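Before any comments, here is the structure.
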Amino acid sequence: MSNAIVQDPTGFELPESQRRLIRWTVYIGYFALVAGVVHGLAQALSYAGINILQYFPGLHSYYQGLTIHGVANALVLTFAFSNGFLPLLTARALGRRLNAGLLHATFWLLLVGVGLALWKLTTNQASVLYTAYAPLQAHWIYYLGLVLVVLSTYCAAANMFVALAGWRKEHRGERIPLLAFISVASYAMWLIASLGIATSFIGFLLPWSLGILERTDPLLNRTLFWFTGHAIVYAWLLPAYISWYALIPRQTGGRIVSDSLTRVVFILFLILSVPTGFHHQYTDPGITTTMKAMHAVLTFGVFYPSLATAFSVVAALEIAGRSNGGKGLLGWIRHLHWSDPSVTAQLLAMFTFVFGGITGLINASYTVNQVVHNTAWVPGHFHMTVGSAVAMTLMGVAYWLVPYLTGRGLWGRKLALAQSWIYAVGVLVMARGLISGGLEGMPRRTFMAMATYSRPGWKLAGAITGVGGTLMTIGALLFFVVLLGTIFAGRKGEGPKDIPFGFTLRPPATSGWELRLDRLGLWVVVAIVLVVIAYAPFAISYLPPHLVSRGFRLF
Amino acid sequence: MRVHTFEKAFLWLGAVMLVAFGGALIFASVAMGIHLPGRAGLIDPQQLASTPPFDQPGVRQTGPNQYEAVVIGRVWMFEPSEIRVPAGSEVTFVVTTPDVIHGFEIEGTRINMMLIPGQISKNSYTFTRPGEHLLICHEYCGLNHHTMFGKVIVE
């Protein structure tokens, strides 16, 4: 076994027909990013007391724009990216082609699903925010569109499973290449997690919006949403973690610290991501405090693999910085290929994630949650997780992925570097504003520029939010310029020939307890058992559903 | 670089930190009596007008220094929109909604609950000092969500 995290480090080329589908799948995500950030500017400025909605022709309300922002940036960007990125890494790691039928299905389901959802969003028939809490009711086609998006992720997952099963048949007794293992584990987790939202949409919201089911159960829909809803953030985050663990060491000139620890971290995410959903419902009625406390403990548990990640990823960076000539306690940081925009974007993403993690732990802290729940603190928190750790990593990855997929060299390297810094500073400034406003009770999801109430303490917080959000928007739009420049004006033939897969310090163990790590089926079973333990007491004491609410269209 | 020594130390430190934080939370909820809302009963959202206590929203005294505030959050107002209680009193908020999901946040306190159709939300808080708090709906509830607020006045 070699130290490479792929089967064959010498090379592997995916046929152009498959690259094209992967390329267009990730393009959907990057276009969604840009479509979503435009209204992000209106939201940030609204906190500052500035209403710019009149410059958005065709937009019916602030909340319609807010829904588009959430759906485009939290759902479409992330899943479109993962649907292309994870199967690509799996194919490269195993040295196998993907299944063409499943690749087509992934792309078309995603495209049609996003198209349907977008149609209902732009015509103001689905302004229910991305959480889609019943009994606010969207047009049934909107729910159908999102179901198709979920189905597209299933096709991408199936494609990876098929590739892995085929590889295993031909390589009996061998360790699964690390890059394939963590990619497959990520979507295996998402498969379990998605069952909640799938049940809610297919079992309740779709028939209810079609009139087949007269009334629905808002608490049950909410609970099913958050069954998926916490793990969904890990489904967004794990592709970024894969890049940090497996690719960034190579891009900075370092080594992956430990094969086994990396696998353990992803297994812990697989097991612990889902049974934590009630920490989003601490302030909900109808759920016992015992259940909430149990999920609080499990949430502290799922913080652990992120702590391990903080160590491993930074250790790999330190190895890189020192081998590049860095000296002293912190001198190695300067020697991390900061001139490479792909690296810079992701290093800054990691830095912002430190604060994202800390604020996340505060949210999860049971009684403390009452101070911050649904205040501006919460978007302050998640813009430092999905809004930066994930978004900036996805932008950073684009700086090699798009050249790799198109064969064209990166266009506008300096612009790309500036983009990363502007966005990172912007997100930190904005989060500072939102967090301080939230601590003073400023609500989230509210058109503050037109609110009929206010507090003196919110003024400065709102202004800081507006400044930060404006910088973020500039950063994101510059990303789009670099992206389009690369696609249309990048030099032909200058794209990288291979993905920047890393090498571990030592090859994976070929005997001992580590072999058990590769038994993904076993870990999936453990994950399901834990989910049952975490949700069965609620289900038993709550069901059957309390179907009390007809639909409301108040937008 | 002694990676594995540092790694062990870091992971132990993390574990100890999480256990300490968890201990602080247990202390807060057991010894300091800070509670989250739990299960407080079901209700038919169509029948609030005929279901006590929601047939008569308002504040009533339930004991020495103890009050119960029955509130309905609906699009796009709280009923009553002004709650007056004397300083030093413990107030139990009993709240629900006849229509969509709303929020119930009393700014400057730890009263922070979701209002979900079919469920009763309940939690208590002792107001020690006189003053005025905003009562805010912090969950999106439709077009005029940002106009939905009330006041809690501690006299």
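Values quoted throughout were computed directly from the atomic coordinates according to the rules given, and no laboratory measurement underlies them. The structure presented is a predicted model; accordingly, all values stated were derived computationally and were not measured. Neighbour counts are summed over all protein chains in view; Cβ atoms, including those assigned to glycine, are modelled from backbone coordinates with ideal geometry.
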Before anything else, pin down the relative contact order of chain A: Cα pairs under 8 Å, at least 6 apart, normalised by residue count, whole percent. 21 percent
Between A:VAL297 and A:SER2, what is the label-point separation in nm under the 7 Å Cα-to-beta-carbon projection? 4.7 nm
Using amide H atoms built 1.01 Å from N in the peptide plane, name the residues 5+ places from A:LEU554, or on other chains, whose amide H lies under 5 Å from its own. A:GLN137
What is the order of A:SER342, A:SER436, B:SER81, fewest Cβ neighbours within 10 Å to most? B:SER81, A:SER436, A:SER342
Within chain A, which DSSP H helices have Cα atoms that stretch 18 Å or more along the helix axis and a mean Kyte-Doolittle hydropathy of at least 1.6? A:178-198, A:259-272, A:458-489, A:520-542
Calculated from DSSP helices alone, with each H run of at least 4 adding -39500 (n - 2.57) and the total divided by the residues of the protein assembly as shown, [θ]222 nm to the nearest 500 comes to -18500 deg cm²/dmol
Kirkwood hydrodynamic radius (Cα pairs, Å) of the stretch A:62-149? 13.9 Å
Neighbour cut-off at most 12 other Cβ (10 Å), DSSP loop, trypsin sites (Lys or Arg not before Pro), the stretch A:150-254: A:ARG172
Do you know the relative contact order of chain B, to the nearest whole percent, from alpha carbon pairs under 8 angstrom that are 6+ apart? 22 percent
Alpha carbon centre of the stretch A:280-325 versus the stretch B:1-57: separation in Å? 16 Å
For the stretch B:45-154, give the magnitude of the charge dipole about the Cα centre (Cβ charges: +1 Lys/Arg, -1 Asp/Glu; no others), in debye to the nearest 20. 180 debye
Quick one: Cα centre-to-centre distance for the stretch A:160-210 and the stretch A:97-114, in angstrom? 15 Å
Sorted by chain and then number, the residues having a modelled amide H within less than 5 Å of the amide H of B:VAL94, at least 5 places away or on another chain, are B:ALA69, B:VAL70, B:VAL71
Specify the inter-centroid distance of the stretch A:49-77 and the stretch B:81-155, based on alpha-carbon positions, in whole Å. 28 Å
Cut-off is 10 Å between beta-carbons; in what order do A:ASP217, A:ASP498 appear when sorted fewest neighbours first? A:ASP498, A:ASP217
Can you compute 3J(HN,Hα) from phi for each residue in the stretch B:119-125, using the Karplus curve 6.51 cos²θ - 1.76 cosθ + 1.60 with θ = phi - 60°, rounded to whole Hz and x for Gly and Pro? 10, 9, 9, 8, 7, 10, 8
Residues B:THR126, A:THR385 arranged by fewest to most Cβ contacts within 10 Å: B:THR126, A:THR385
So A:SER454 and A:ALA539, fully extended at 0.36 nm per residue minus their Cα-Cα distance, gain in nm 26.6 nm
Can you tell me the orientation of helix B:3-30 relative to chain B, as the angle in degrees between its alpha-carbon axis and the longest Cα principal axis, to the nearest 10? 30 degrees
